[in-house]
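> Let me give you the structure first, and then I'll get to my questions.
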Amino acid sequence: MDGSRRDFLKAGALGGAATSFFGFDLAPAYAQLRELKIARATETRSTCPYCSVSCGVIIYTIGDNAKNVTPQVVHVEGDPDHPINRGTLCPKGASLEQDIVNPRRLLKPQVRRPGSDHWEDIAWDQAIDEIGHWVKKTRDETFIERDALRRTVNRCEGIAWIGGCTDTNEFNYLVGKAMRSLGVCYLETQARV
Amino acid sequence: MSQATLQIRRISGHAGPVPGAGVERAQTVCKLVDTTTCIGCKACEVACLEWNGYTFSETVFDNSYQTMPETAWNYWNLIKFNEHEREDGTLMLLMRKDQCMHCAEPGCLAACPADGAIVQYANGIVDFQQDHCIGCGYCVTGCPFNIPKFNPSTKKMFKCTLCADRVAQGLEPACIKACPTGCLHFGTKDDMTDLAETRAQQLREHYGFEKAGVYDPTGVGGTGVIYVLHDAANPEAYGGLPKNPHIPWVVRLWKGPAKWIGNLAMLGGIIGVALHYLRFGPKRVESAKDQKGGQP
């Protein structure tokens, strides 16, 4: 077959156009996925603060706990190793990330004075001092040493304590000791609210 | 970062076979939704939003507990609440998790004209690739479940991805993980079918739901999301679940016979031109004088 260089180039161009037109495609059939946003995040185990069920959650924060990184919560989901929920969460628990990353989240103590119509910021030291002052005052005023039959009871009926679902055994032990030493007998838990 | 890729089983708008399809062994994944144990808590809705990073949309009150009338481009997972009157006059609240069904033969993918905008991974997940999407909305026509939704600001289509990013890394979808009653299950299609049949049998034999059954419609080749229903004969009661879903015949005609007829017509045209050239030769301009005379 006779053919000039020009014919050869023409045929080549036509052939290339034809193969691409009829869809002869050697590109590998892989699709790229969105990257797993928690792939290298730091996992921190915690407890959901809402109800008394105390589901275990894993809080995912960016960074690897290096000194120069301020961790930011990027995702929260159930802890599969937690015996209570085994990874599941209710809608409130599933939305915990928005509870943490929230401009309205309370990060400092506040006080609403008697008769006041608003909350005001208060320093931690001042808050603890004031609480101590009120505990002392209430206990002094309401302490019952003996009941009507003259039996020793040593009760402080003016104070009650309520525990939350995120309180650990160790914390509750200390609470029990502290409250019993004051004579507080109204110890309650959130589970029955 | 862990940027995963998944091998593809089907590609939309793609001529010829999918390169490398069916070469590797792959398990088809499946979600099982047991509507009989759903309590309508919507943990799956919230978990879906949290994982996919969407903010909470404004809810629409529609005289029911339902968050909004139907799924949205940024709200892929919706529990449909349906009051259903039983034969004895008592009421049942039927709750069904509505999301993409991840059909084995997806109507959206068949209807899509953009190359690579809709793919079916080797594990059976049907996913939209928004960078290839042209926003034509043909997938809405192709889908028998009314799932693909249009984002007017980016002009792209969105739907549930079955958390393909999580599944590719060996995790379960976010909704499955959250479900507190265990009404959602995740695993291979075979395992989920077994589990669903076992549950349906349990409902028929011990709970008095004689018509309980599994919803895995064959009209779309089976689905990657299967339901256990109290009454498998009446799926419409669960917020309009079609009884026998199939790809609309317009789409099938257009992507099947019409395509081949078009190709044949094109081929016929080329052959006709070639034959005309062989029979009559190239068209020649006779001469400048004749041309002038021929044209007024």
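The values are calculated or read from the model by the stated rules, or taken from the named source; none is laboratory data. Bear in mind the structure is a predicted one, so any value in this text is a computation, not a measurement. In this analysis, Cβ positions are derived from the backbone assuming ideal geometry, glycine residues included, and neighbour counts consider all displayed protein chains.
> Looking at the stretch A:100-118, which of its residues are closer than 27 Å to A:Q72 by Cβ, free of Cβ contacts under 8 Å to residues at least 24 places away in the same chain and surrounded by 10 or more Cβ atoms within 10 Å (Cβ to Cβ)? Walk me through it before giving the result.
Filtering the stretch A:100-118 for residues closer than 27 Å to A:Q72 by Cβ gives A:100-110.
With the extra rule that they be free of Cβ contacts under 8 Å to residues at least 24 places away in the same chain, the set shrinks to A:102-110.
A:P109, A:Q110, listed by residue number.
The rows are residues; the columns are (1) in contact with a strand residue (DSSP E or B) (Cβ under 8 Å, 6 or more places away or on another chain); (2) modelled with pLDDT under 95.
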position	(1), (2)
B:N146	no, yes
B:G170	no, yes
B:L184	yes, no
B:D194	no, no
B:E197	yes, no
B:Q201	no, no
B:F209	no, yes
B:T218	no, yes
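> Mind telling me which of the residues B:T59, B:T55, B:T37 ends up being under 26 Å from B:G213 (Cα atoms) and not aliphatic (A, V, I, L, M)? Please lay out each step first, then the result.
On the way: B:T59 fails: under 26 Å from B:G213 (Cα atoms); B:T55 fails: under 26 Å from B:G213 (Cα atoms).
Matching residue, one of B:T59, B:T55, B:T37: B:T37.
> Turning to a different aspect of this structure: Could you please find all residues in the stretch B:131-142 being among the small types (G, A, S) and surrounded by fewer than 19 Cβ atoms within 10 Å (Cβ to Cβ)? Break it down stepwise before answering.
Going residue by residue through the stretch B:131-142, those that are among the small types (G, A, S) are B:135, B:137, B:142.
Scanning the stretch B:131-142 gives B:G135, B:G137.
> Looking only at the stretch B:231-259, filter to residues that are in contact with a strand residue (DSSP E or B) (Cβ under 7 Å, 6 or more places away or on another chain) and part of a loop (DSSP other than H, G, I, E, B); which one of those is nearest to B:R199 (Cα to Cα)?
First pass over the stretch B:231-259, keeping only residues in contact with a strand residue (DSSP E or B) (Cβ under 7 Å, 6 or more places away or on another chain): B:232, B:235, B:237-239, B:241.
Now drop any that are not part of a loop (DSSP other than H, G, I, E, B), which leaves B:232, B:238-239, B:241.
Details: B:A232: 13, B:Y238: 18, B:G239: 22, B:L241: 20 Å.
Among those residues, the one meeting the criterion is B:A232.
> A follow-up question, please. Would you confirm whether or not the stretch B:18-28 contains a residue that is more than 14 Å from B:K97 (Cβ to Cβ) and either crowded, with 22+ Cβ neighbours inside 10 Å or of a type in the set (D, E) (or both)? So that I can check it myself, show each step before the final result.
Restricting attention to the stretch B:18-28, the residues satisfying the condition of being more than 14 Å from B:K97 (Cβ to Cβ) are B:18-28.
Going one step further and asking which of them are either crowded, with 22+ Cβ neighbours inside 10 Å or of a type in the set (D, E) (or both), we end up with B:24.
Taking every residue of the stretch B:18-28 in turn, at least one turns out to be more than 14 Å from B:K97 (Cβ to Cβ) and either crowded, with 22+ Cβ neighbours inside 10 Å or of a type in the set (D, E) (or both).
> Given the conditions (1) in contact with a Phe, Trp or Tyr (Cβ under 9 Å, 6 or more places away or on another chain); (2) among the acidic types (D, E); (3) part of a helix (DSSP H, G or I), and given that A:E170 satisfies all but one, which numbered condition is not satisfied?
Result: A:E170 fails condition (1) only.
> When residues of the stretch B:159-195 are filtered for being surrounded by 17 or more Cβ atoms within 10 Å (Cβ to Cβ), away from chain A (no Cβ under 12 Å) and either part of a helix (DSSP H, G or I) or touching a Ser or Thr at 6+ places or on another chain (Cβ under 6 Å) (or both), how many remain?
Residues in the stretch B:159-195 being surrounded by 17 or more Cβ atoms within 10 Å (Cβ to Cβ), away from chain A (no Cβ under 12 Å) and either part of a helix (DSSP H, G or I) or touching a Ser or Thr at 6+ places or on another chain (Cβ under 6 Å) (or both): 4 in total.
> Can we say B:E83 is charged (D, E, K, R), under 19 Å from B:L171 (Cα atoms) and not in a loop (DSSP other than H, G, I, E, B)? Step through it out loud before you land on a result.
Working: charged (D, E, K, R): yes; under 19 Å from B:L171 (Cα atoms): no; not in a loop (DSSP other than H, G, I, E, B): yes.
It is false that B:E83 is charged (D, E, K, R), under 19 Å from B:L171 (Cα atoms) and not in a loop (DSSP other than H, G, I, E, B).
> Shifting gears a bit: Restricted to the stretch B:6-16, and to residues that are more than 30 Å from A:L89 (Cβ to Cβ) and at pLDDT 80 or above, which residue is nearest to the other protein chains (Cβ to nearest Cβ)?
Taking the stretch B:6-16 as the starting set, the residues that turn out to be more than 30 Å from A:L89 (Cβ to Cβ) are B:7-16.
Applying the additional criterion that residues be at pLDDT 80 or above yields B:7-14.
Numbers: B:Q7: 6, B:I8: 4, B:R9: 8, B:R10: 9, B:I11: 7, B:S12: 11, B:G13: 10, B:H14: 7 Å.
Step by step, filter the stretch B:6-16, then rank; the result is B:I8.
> Kindly list, by first and then second residue, each pair from a residue in the stretch A:31-43 that is assigned to a loop (DSSP other than H, G, I, E, B) to a residue that is surrounded by fewer than 13 Cβ atoms within 10 Å (Cβ to Cβ) and not polar (S, T, N, Q), limited to pairs with Cβ atoms under 8 Å and residues at least 6 apart or on different chains.
Filtered contacts from the stretch A:31-43: A:E35/B:M1; A:L36/B:M1; A:K37/B:G53; A:A39/B:M1; A:R40/A:D64; A:R40/B:M1.
> I would also like to ask the following. So which residues in the stretch B:143-158 are touching a helix residue (DSSP H, G or I) at 6+ places or on another chain (Cβ under 9 Å) and either farther than 26 Å from B:T188 by Cα or buried (at least 24 other Cβ atoms within 10 Å of the Cβ) (or both)? Before you say what the answer is, go through the steps one by one.
Initially, the stretch B:143-158 is screened for residues touching a helix residue (DSSP H, G or I) at 6+ places or on another chain (Cβ under 9 Å), giving B:143-150, B:157.
Selection gives B:C143, B:I147, B:P148, B:K149, B:F150, B:M157.
> Being surrounded by 15 or more Cβ atoms within 10 Å (Cβ to Cβ), of a type in the set (A, V, I, L, M) and either over 21 Å from the mean Cα position of the chain (by Cα) or part of a strand (DSSP E or B) (or both): is that true of B:I226 here? Write out each step before concluding.
On the way: surrounded by 15 or more Cβ atoms within 10 Å (Cβ to Cβ): yes; of a type in the set (A, V, I, L, M): yes; either over 21 Å from the mean Cα position of the chain (by Cα) or part of a strand (DSSP E or B) (or both): yes.
Taking the combined requirement at face value, the residue satisfies it.
Residues checked against (1) among the aromatic types (F, W, Y); (2) at pLDDT below 90; (3) surrounded by 15 or more Cβ atoms within 10 Å (Cβ to Cβ):
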| position | (1), (2), (3) |
| --- | --- |
| B:L49 | no, no, yes |
| B:E58 | no, yes, no |
| B:T71 | no, no, yes |
| B:H84 | no, no, no |
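> Separate question: Taking the residues in the stretch B:24-49 that are acidic (D, E) and within 13 Å of chain A (Cβ to nearest Cβ) as candidates, determine which candidate is farthest from the chain's Cα centre (by Cα). First the steps, then the outcome.
If we filter the stretch B:24-49 for residues that are acidic (D, E), which is where we start, we get B:24, B:34, B:45.
Still in the list and also within 13 Å of chain A (Cβ to nearest Cβ): B:24, B:45.
Working: B:E24: 23, B:E45: 19 Å.
That would be B:E24.
> While we're looking at this one, here's another question. Identify the residue in the stretch A:76-109 that is more than 7 Å from every other protein chain (Cβ to nearest Cβ) and not in a loop (DSSP other than H, G, I, E, B) and, among all such residues, is farthest from A:G63 (Cα to Cα).
Within the stretch A:76-109, the match that is farthest from A:G63 (Cα to Cα) is A:K92.
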